[in-house]
1. Taking neighbour Cβ counts within 10 Å as the exposure measure, how do 72, 60 sort from fewest upward?
2. Can you tell me how much longer the chain between residue 43 and residue 18 gets when fully stretched, taken as 0.36 nm per residue apart minus their C-alpha distance, in nm with one decimal?
3. How large are Rg and Dmax for the stretch 14-96 when calculated on the C-alpha trace, in angstrom?
């Protein structure tokens, strides 16, 4: 089985935007209710971190909030790894099913 990254072979070359530069909060949710921290994002994928295990291959939705704006984007978790031990933290990449339009500015640091 090929890695999900094969379907977006040039995804890694796209510039990533730090969560602080976006209108959405850093605190987000992976359905069905798993809190995550948005670390960075581009139009095709997001890097997230959680204190709960992230399962590669899982289909999910990332829910982003910012001011009056709420955005939900479907995708599939790809690479995941342990990012820290004390406290235990997991980091993973969510590859979006469809491209997401990013509007930088008005970032909220939450």
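What follows draws every value from the coordinates through simple rules; no lab data is involved. A quick note: this is a predicted structure, and the numbers were derived from the prediction, not measured. Positions of Cβ are backbone-derived with ideal geometry, glycine not excepted, and every protein chain shown enters the neighbour counts.
1. Ordered by Cβ neighbours within 10 Å, fewest first: 72, 60.
2. Net length gain for the segment: 7.8 nm.
3. For the stretch 14-96, the Cα-based Rg and Dmax read 11.9, 35 Å.
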